[in-house]
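Okay, structure first, notes after.
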Amino acid sequence: MSVPGYSVKHRVTMTMFYTLFISFGIFSFFRLQLDLYPDMEIPYILVMTTYIGASPADIETLVSRPIEETVVSVTGVKNVTSNSKENVGIVMLEFDWGYDMDQAEIDTRNKLDLVKGNLPDDADPPIVIAMDPSMQPIVMFNIVADLPISELRQIAKDRLKPKLERVEGISSVEVGGGEERQIHIRLDPKKLEAYRIAPTTIVQMIAAENKQSVGGYIEASGMDLSIQSSGKYKTVEEIGEILLSAGRSDTGEMIPIRLRDVAEIDDTVAESRRYVETNGKSSIMLIVSKQSGANTVEAAKGVLNKLPEIIAEEDGLSYNIINDQSEYIESSIDNLKETCVLAIVIVFFVLLAFFRSITTSLIVATAIPTSLMATFAFMSSMGMTLNVISMAGLALAVGMLVDNAIVTLENIFRHREEGDTAFQSCVKGAREIMLAITASTLTTIAVFLPILFVPGIAGMMFRDMSLVICGALTVSLVVAITFVPMLSYYLLKSPKFDKVVAENSGKEVDDLSSLSAKEQKSFTNRMRRGYENYLRLCIRHRFLVTGAVIGLFALSILGSTKIPMEFMPQSDDSMLSVSIETEMGNDSRSTYDIVQECLERIKVVIPPEERKMINIDVGSSDSGMSAIFSDGVNTGKILIPLVKPRFR
């Protein structure tokens with residue numbers, strides 16, 4: 001028994017099968033994670049080393065070059081480049097696409113163990129970072145308050161940052177801007193000379209006194225007590241009490257010489273090398289990144305839901321969302337969802353125009369959501385996400401899903417109109433074209449399947465689209481030879497359709513002269529007659545038609561070379577980002593003044609009603625992701641969140 005025959009004969013079994021499959025598809029749809037792009041493994045590894053106070057030349061000589069010479073021998077490395085900036089050295093390792101990056105990261109760490117002893121003692125240990133698309137921030141916001149900026153930074157660092165990092169799916173929160181507390185110790189050269197104390201001795205004593213050691217444990221009175229020595233400085237006064245040496249007074253008495261006797265100690269802030277402002281007011285920026293593999297939308301929503309509660313715990317604090325990646329993702333997905341729904345509606349009305357039967361059109365239209373639900377189940381089983389690439393594949397596949405169903409349904413109806421019973425029509429009609437639609441489907445799949453084997457970022461980016469289209473087409477083939485014949489049987493066996501068959505019996509549909517004058521004036525028959533005349537004309541002038549087709553093909557090839565090419569289409573994410581690089585050697589204050597001049601010109605172009613706020617970030621950072629992407633104190637960035645495109 002053929003597949004169509006089984007599906008029509010065992011209708012209850014097939015109905016239960018598709019009910020179960022659709023239910024699983026709906027369940028899978030709500031389990032699919034939302035993301036902007038598919039998960040990708042980028043073949044790059046960064047080695048970041050921080051050396052506070054070092055110039056770019058020192059970083060190049062003392063940090064970057066030794067690391068480069070060591071990691072160049074890592075197995076599988078294709079290229080090694082370095083970027084030496086003030087305080088930070090970054091070495092980038094490039095591997096071939098498809099290389100095992102977990103193993104590459106392990107090999108890089110092992111090689112770095114050999115060079116750590118050759119780096120400056122004051123330099124931080126090198127940090128190995130495997131590049132991942134999830135490294136980009138999912139939420140950026142700033143906080144403002146009527147407080148000193150140093151105090152505001154301390155609140156963000158000590159209170160907000162730990163609470164946000166406990167949100168599910170969040171890996172790190174970076175605090176940028178503001179002034180950081182710093183203790184300044186100004187030595188008196190004359191007193192040092194008088195007491196014969198070297199500055200290096202003071203540095204060693206300060207470091208030695210600021211330690212917390214483990215004291216072990218003791219057992220007393222049946223209790224086990226741990227001993228801990230608390231040597232960390234708690235106040236500035238404690239730093240001044242550090243004992244440096246001992247001297248004699250005029251009377252010959254021994255007196256202690258403390259740090260406060262030879263230096264002035266000030267509790268102040270570090271020199272500002274980064275300026276962050278919101279609408280002209282100093283602010284603190286917090287950049288939230290998600291864990292690798294975590295759902296972007298859920299992680300961002302978790303932060304946005306928790307943020308008002310955290311801010312409310314601090315008096316006088318307010319916040320502004322600069323960038324919310326989940327909003328752009330949801331907007332993009334919603335647009336593609338609307339496109340899919342609109343495609344289904346258009347397909348239904350096109351079918352209705354040709355079949356002139358709501359019931360018949362519904363059979364084909366029902367095949368679309370059935371195939372889509374099965375496709376969602378396939379995506380879930382493959383561990384895919386619902387992103388702009390996979391949704392684009394679904395939108396593209398919607399129009400293809402009905403092809404097999406239309407061909408099957410038309411052949412079934414032809415057999416019924418020729419006088420076959422409902423059962424015979426469904427079985428014979430589907431069986432006759434089963435091989436043809438299978439070949440057609442496989443031909444289409446053969447177009448998209450090779451994308452899986454395309455090397456590089458293009459293959460990884462569009463892998464989801466290829467899988468979605470191939471999976472949807474395969475499901476549509478199964479639906480066409482099982483689901484469509486089963487539904488057609490219920491329609492074709494109705495008394496209403498028996499009347500239609502009786503009226504059309506004896507008429508040769510392909511012979512237009514056998515139809516009545518009213519039928520010949522119908523829309524489909526007029527199209528059929530027009531196509532027949534057009535086809536006769538093409539056959540009479542076949543050489544001219546062949547030449548025209550070849551000419552159009554040549555013009556299309558020529559025209560394709562004139563079309564601009566880009567990796568991803570331009571999109572409007574309602575965010576204006578302006579990067580400014582000033583002359584090398586400018587300090588952060590000079591760069592800030594230049595950024596302000598650029599900002600005044602931007603304000604003229606973008607009216608206040610089209611922008612939500614204005615944020616500027618000038619200077620460099622010595623830690624976190626900002627240190628990787630920052631180009632120094634001579635650079636700045638202007639971020640302006642805009643209102644939605646329809647309001648501009």
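Across region 87-130, the qualifying residues are those that are among the polar types (S, T, N, Q) and touching a residue at least 60 places away in the same chain (Cβ under 8 Å), and the one among them that is surrounded by the fewest Cβ atoms within 10 Å (Cβ to Cβ) is Asn87. Given the condition modelled with pLDDT under 90 and either among the aliphatic types (A, V, I, L, M) or assigned to a strand (DSSP E or B) (or both), answer yes or no: does some residue in region 99-110 qualify? Within region 99-110, one or more residues are modelled with pLDDT under 90 and either among the aliphatic types (A, V, I, L, M) or assigned to a strand (DSSP E or B) (or both). Scanning region 448-458 for residues that are surrounded by fewer than 17 Cβ atoms within 10 Å (Cβ to Cβ) and in contact with a helix residue (DSSP H, G or I) (Cβ under 9 Å, 6 or more places away or on another chain) yields Leu449, Pro450, Leu452, Phe453, Val454, Ala458. Between Met465, Met382, the distinction of being in contact (Cβ under 8 Å) with a residue 40 or more places away in the chain, over 25 Å from Ser7 (Cα atoms) and surrounded by fewer than 17 Cβ atoms within 10 Å (Cβ to Cβ) belongs to Met382 only. Looking for something touching a residue at least 60 places away in the same chain (Cβ under 8 Å), touching a helix residue (DSSP H, G or I) at 6+ places or on another chain (Cβ under 6 Å) and of a type in the set (S, T, N, Q) - is there at least one such residue anywhere in region 255-269? No, region 255-269 has no match at all. Which ones in region 404-422 are open to solvent by 30 Å² or more (accessible area, probe 1.4 Å) and modelled with pLDDT of 85 or more? Answer for region 404-422, where residues must be open to solvent by 30 Å² or more (accessible area, probe 1.4 Å) and modelled with pLDDT of 85 or more: Ile406, Val407.
If you filter region 7-37 down to residues that are of a type in the set (Phe, Trp, Tyr) and exposed (fewer than 14 other Cβ atoms within 10 Å of the Cβ), you find that the one that is farthest from Phe483 (Cα to Cα) is Phe30. Each residue in region 296-350 was checked for being in contact (Cβ under 8 Å) with a residue 60 or more places away in the chain, open to solvent by 30 Å² or more (accessible area, probe 1.4 Å), assigned to a helix (DSSP H, G or I) and of a type outside the set (A, V, I, L, M), and 4 pass.
Taking the stated definitions as given, is Val427 β-branched (Val, Ile, Thr), modelled with pLDDT of 85 or more, part of a helix (DSSP H, G or I) and farther than 30 Å from Met382 by Cβ? So Val427 fits the description; yes. One residue alone among Met434, Met461 is touching a Pro at 6+ places or on another chain (Cβ under 9 Å) and within 27 Å of Asp132 (Cβ to Cβ), and that residue is Met461.
Of all residues in region 132-160, those that are closer than 30 Å to Met92 by Cα have Cβ atoms under 7 Å from Cβ atoms of residues that are open to solvent by 60 Å² or more (accessible area, probe 1.4 Å) and outside any helix (DSSP H, G or I), 6 or more apart or on another chain, in Asp132/Ser292; Pro133/Tyr37; Ser134/Ser292; Phe141/Tyr319. The set of residues in region 38-54 that are closer than 30 Å to Phe376 by Cα and crowded, with 18+ Cβ neighbours inside 10 Å comprises Pro38, Asp39, Pro43. Residues that are more than 30 Å from Pro38 (Cα to Cα), over 28 Å from the mean Cα position of the chain (by Cα) and at pLDDT 80 or above within region 319-351 comprise Phe348, Phe349, Val350, listed in sequence order.
One residue stands out in region 425-447 among those that are of a type in the set (Gly, Ala, Ser) and buried (at least 20 other Cβ atoms within 10 Å of the Cβ): the one that is nearest to the chain's Cα centre (by Cα), namely Ala430. Tell me yes or no: at least one residue of region 7-14 is within 30 Å of Gly619 (Cα to Cα) and among the basic types (Lys, Arg). The answer is no; no qualifying residue exists. I'd like the full set of residues that are part of a loop (DSSP other than H, G, I, E, B) and either open to solvent by less than 30 Å² (accessible area, probe 1.4 Å) or at pLDDT 90 or above (or both), limited to region 169-187. Selection gives Gly169, Gly177, Gly178.
Scanning region 258-283 for residues that are at pLDDT below 80 and surrounded by 12 or more Cβ atoms within 10 Å (Cβ to Cβ) yields Val269, Ala270, Ser272, Arg273. Restricting attention to region 588-620, the residues being in a strand (DSSP E or B), closer than 18 Å to Asp573 by Cα and of a type outside the set (S, T, N, Q) number 1.
Results for (1) closer than 30 Å to Ile389 by Cα; (2) not hydrophobic (A, V, I, L, M, F, W, C), shown as yes or no for each residue.
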site: Arg526; (1), (2): no, yes
site: Tyr531; (1), (2): no, yes
site: His541; (1), (2): no, yes
site: Ser571; (1), (2): yes, yes
site: Glu583; (1), (2): no, yes
site: Ile594; (1), (2): no, no
site: Cys598; (1), (2): no, no
site: Arg601; (1), (2): no, yes
site: Val604; (1), (2): no, no
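Residue check: Ala472 meets all listed conditions (1) open to solvent by 50 Å² or more (accessible area, probe 1.4 Å); (2) over 23 Å from Glu566 (Cα atoms) but one, namely (1). Answer yes or no as to whether Ser371 is over 30 Å from Lys281 (Cβ atoms), buried (at least 16 other Cβ atoms within 10 Å of the Cβ), at pLDDT 85 or above and touching a Leu at 6+ places or on another chain (Cβ under 7 Å). Judged against the criteria, Ser371 is a match. Every condition in (1) more than 29 Å from the chain's Cα centre (by Cα); (2) not in a helix (DSSP H, G or I) holds for Ile155 except the one numbered (2). Hey, could you check region 131-168 for residues that are closer than 30 Å to Leu112 by Cβ and of a type in the set (S, T, N, Q) and say which is surrounded by the most Cβ atoms within 10 Å (Cβ to Cβ)? Across region 131-168, the extreme among qualifying residues is Ser134. Report yes if Lys290 is touching a residue at least 40 places away in the same chain (Cβ under 8 Å) and open to solvent by 60 Å² or more (accessible area, probe 1.4 Å), otherwise no. Here the answer is no, as Lys290 does not meet what is asked. Exactly one residue among Ile457, Ile406, Ile433 is assigned to a helix (DSSP H, G or I), within 30 Å of Asp572 (Cα to Cα) and of a type in the set (Val, Ile, Thr), and that residue is Ile457.
The values are calculated or read from the model by the stated rules, or taken from the named source; none is laboratory data. These figures come from a predicted structure and were not determined experimentally. Note that we place each Cβ from the backbone using ideal geometry, even for glycine, and neighbour counts take in every protein chain shown. Side chains included, ligands, DNA and RNA excluded: accessible areas come from the protein's heavy atoms. Shrake-Rupley method; radii C 1.70, N 1.55, O 1.52, S 1.80 Å.
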